[in-house]
Amino acid sequence: LFEARVQAAPSAPAVDGGDVSWTYEELNERANRIAHWLTSRGVGAEDLVGVVLPRSAEQVAVILGIVKAGAGYLPVDPDYPADRVAYMLTDAAPRVVLTTSQLASGFPGALALEDLTEDWERQPVTNPTDTDRVAPLTAANTAYTIYTSGSTGRPKGVTVTHTGLASLTVTHLERFALSPDSRVLQFASPGFDAAVWELVMALTTGAVLVVPRSRRLVGEELARQLAERRITHASLPPSALGTMPAGSESALVDLAMLVVAGEACSPDLAERWSQGRRMINSYGPTESTVDATASEPLSGSHVPIGRPVVNTRVYVLDENLQQVPQGVAGELYIAGRGLARGYLNRPGLTSERFVANPFGEPGERMYRTGDLVRWNRDGELEYLSRTDDQVKIRGFRIEPGEIQALIARRPDVAQAVVVPREDQPGDTRLVAYIVPEAIGSTEQVEDWRELYDSIYGETDSPLGEDFAGWDSSYTGEAIPLEEMREWRSATVERIRSYAPQRVLEIGVGSGLLMAPLAQDVESYWGTDLSQAVVTRLTGQITDRGWEHVQVRCQSADDFTDLPTGYFDTIVINSVAQYFPDQDYLTSVLTQAFHLLAEGGRVVLGDIRHVGLLRTFQTSVQAPRVPDAEELRSAVERALVAEKELLVHPDYFTAFAATHRAGVDIRIKRGTAHNELTRHRYD
């Protein structure tokens, strides 16, 4: 097809790469040299050649050369993550990998184009024939293999033959009004099958393929390239189209044909961009040689995905593979000459997705797309949704399961789920929610120990008067002293109401509760994980002559040498939030119950309510982030970053039921409005 255009108009412009431009004859000769060089190395039919090149005129020549040699090309976007590229090259096992000298160091064994120029210049410029090739080239041979996202965490290579390319050319000529005066933008990533669509659209119809030098085309840069390069035909994902500045739709007077593809297009966007030009919505998975259906020219009222393109048949089927009536949703199946061969090295997956076609000739297959569609009254297909979790974002087909599987492999992640979110209309993003692998209790306790050593280790405040570290989440400043004293008084009064005599306080801290309570009881024991706290309190207790009071350096879950069945009151106040997890809390409470005398009680104070966390973080972030969307994001980040343990009251109800105990849940008392009174309970 390309060579026919070369013969018809050899001097016509073929590729406009900005700094490099070639006529059809020049591009053909360049491609022929590359093809002969490949065949001289034994590369031919059913071999793959890796192409790790950015968009450029040279990339176009390399692709044509590979196809002319009879081989298939494996496009690899240089911007892909290194692990993904490594997997693709290992899985596909290309005979040769071509790249640039700048990129070659990242791809062991790859050959740099700059180093091959002299070899290529010595090759013939004539069109290769089957006599020159390693083996005859047929329509059934591989044209290219493109990797798409896979739900198992492994991308899958789709192998496409030459069979559907001629039909694709006819579709372009029939639907998209191409001529030698047309200038087609090469927008798509090299690893995306839309790049094939752009090559075929231009070079098999006699048009000019315009290759921009910018690697990222969005917004003002995309509008500038369309205007300055006088683009007449472009295929863009709606998300990229929507980034261009307002007024671009009328300013781009040369843009006569606009194709939207790769993801759903909104009626508003279609209405805005269809004025004064022909605009078509194109649909097709990689498994169907780029295109399967195309709409009639859009007006904006609705955006169907259209009717089958040349030599393609589509079926809307129910779960029993029966065709459904107009207006009824069903899964879309595609058949025809454009179907891919299948998935490289994945026979099981191939047989699962490429199934027997009960409506076709014996042996014919159809591809199960996983897309839910319906026929409308105009005889066009309307896309509804997916039957699985696959999404399309900015034109890329993505399996959230692939990303989910990769995240879950991290040693610090216990569980992960990846979902699309559209916080702003038209701006779909993937969001990962994770459950971290539990940090070892010892490790987290050690972190808190270091913190308390630093807070309480160096201070000369009197016993019970050190409120250091009680800072407001709203302002970042210390909570006013009068509010802290009110908070402390409310807690002391509640404990005194039980007339305690033998008290154990777990997490005694600076002695805020011990100071007022110890003087009225028979025995007061205190434990704390910070040796600095214990050393300081021991000195203060000695100064007061309190022989009935003792403090020990023990973590909350360490009950060594504490007397069983002795205490009538065990206090765990404003400490539980620093426990590593619920299991740790349960362990502490269970052991504490063994130390209680008959009729004793455990008093837990300042428990953070998990049900109020979002409300709390919203009240914290709202004064700092006035914009509603930014506020929502700030709150979400704060929720993810939360390090402390929050507990729902139902936990204590359930615990008490299993330990044959009563439970008394009370809200915090106090006149001050701060995070202690608003969002915590006892």
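Here is how the numbers come out for the structure above:
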quantity	calculated
All lysines inside 22 Å of Lys392 as judged from Cα atoms, apart from same-chain residues fewer than 8 positions distant	Lys156
Cα long-axis angle, helix 582-595 against the chain (0 to 90 degrees, to the nearest 10)	20 degrees
Cα pair distances in the range 1-108, grouped into 5 Å bins until the bin that holds the longest one, percent each	2, 12, 21, 21, 19, 13, 7, 3, 1
FRET efficiency, 1/(1 + (r/R0)^6) with R0 35 Å, evaluated for Ala499 and Asp412 via beta carbons	0.15
Loop-located trypsin sites (Lys or Arg not before Pro) in the range 610-682, at most 16 other Cβ atoms within 10 Å (DSSP)	Arg624, Lys643, Arg660, Arg666, Arg669
Built amide H within the under 5 Å cut-off of Arg552, gap 5+	Gly526, Thr527, Asp528
Rounded tilt (10° steps) of 24-40 against the dominant C-alpha axis of the chain	80 degrees
Debye log10 I(q)/I(0) at q = 0.08, 0.09, 0.10 Å⁻¹ for the chain, Cα point scatterers	-0.75, -0.83, -0.92
Test item: Cα-centred dipole of the chain, Lys/Arg +1 and Asp/Glu -1 on Cβ, debye	1940 debye
Beta bridge orientation in the chain: antiparallel %, DSSP, nearest 5	55 percent
Likely footprinting exposure, Phe616, Phe579, fewest C-beta neighbours within 10 Å first	Phe616, Phe579
Net dipole in debye of the range 556-670 [+1 Lys, Arg Cβ; -1 Asp, Glu Cβ; about Cα centre; nearest 20]	420 debye
Listed residues Gln186, Thr677, Thr99: farthest to the positive end of the dipole of the chain (Cβ charges)	Gln186
Separation in nanometres of the label points that stand 7 Å from Cα toward Cβ, at Val20 and Ala82	2.7 nm
Kirkwood-based Rg to Rh ratio, the range 555-651, C-alpha trace	1.15
Cβ-based charge dipole, the chain, positive-most Cα from Pro400, Ile146, Leu89	Ile146
Fraction of beta bridges assigned by DSSP in the range 1-137 that are antiparallel (%, nearest 5)	25 percent
Note, ³J(HN,Hα) from phi for the range 158-163, Karplus 6.51, -1.76, 1.60, rounded to Hz, x at Gly and Pro	9, 9, 10, 9, 6, 4
Per-residue ³J(HN,Hα) for the range 657-664, Karplus 6.51 cos²θ - 1.76 cosθ + 1.60, θ = phi - 60°, Hz, x for Gly and Pro	5, 7, 10, 6, 10, x, 9, 10
Shape of the range 453-535, Cα gyration tensor, a/c cut at 1.5	oblate
Cut-off under 5 Å, modelled amide H: who pairs with Val571 long-range	Leu504, Glu505, Ile506, Val603
Degrees between helix 165-175 axis and first principal axis of the chain (Cα, 0 to 90, nearest 10)	90 degrees
Computed FRET value (nearest 0.05) for Arg213 with Glu629, which takes r as the C-beta separation and R₀ as 45 Å	0.85
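All of the numbers you see were taken from the coordinates with simple rules; none came from a lab. These figures come from a predicted structure and were not determined experimentally. Cβ sites come from the backbone with ideal geometry, for glycine too, and all protein chains shown count toward neighbours.
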